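Written below as structure tokens is the structure these notes are about.
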């Protein structure tokens, strides 16, 4: 009976109170990285669903591993880095407006990017990474909101 109590508690805890994933990078790292044992394609699909489910459009998918593999022979870069690696570019018009209002040069932060990858030789771990935003002007509040937006997408994709 005591073994079923934690399972029952987990089933009935509302999502906002459920335990969230923690980054594998230090809190002050310029790039935030999460690690999971979920399949690469499942994580990519989850991220796509969360982004579009929040009313945003994925404007581009960068096929990083394919590009590196395709150009390896011509460039002499023959050490494989990734099994799979892609970056998804997307935009939040409200956040973009607020960033640009704080300082016009903050448009360089767009599009927003989430990267999904598996290291070469390790298909058992999938990583999700994003840049921690740093902006010009009075952008502290929009930096915080942007971090919460991107991290929320990652958290939801990992559920």
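Assorted remarks:
- 122, 78, 145 arranged by Cβ crowding within 10 Å, fewest neighbours leading: 78, 122, 145
- Stretching residue 21 away from residue 70 to a fully extended chain increases their span by 14.2 nm, per 0.36 nm per residue minus the current alpha-carbon distance.
- Mean Cα-pair separation over length for the chain, i.e. relative contact order, pairs under 8 Å, 6 or more apart, %: 27
- Helix-derived mean residue ellipticity, 222 nm - over the chain, DSSP H n ≥ 4, -39500 (n - 2.57), to 500: -12500 deg cm²/dmol
- Mean separation of Cα pairs under 8 Å and 6 or more residues apart, divided by the residue count, gives the stretch 95-159 a relative contact order of 33 percent.
- Relative protection proxy for 68-75, 79-86, from highest mean packing down: 79-86, 68-75 (other beta-carbon atoms within 10 angstrom).
Each value in this text was obtained by applying a stated rule to the coordinates, not by laboratory testing. Given the structure is predicted, the values throughout are model-derived calculations rather than measurements. Positions of Cβ are backbone-derived with ideal geometry, glycine not excepted, and every protein chain shown enters the neighbour counts.
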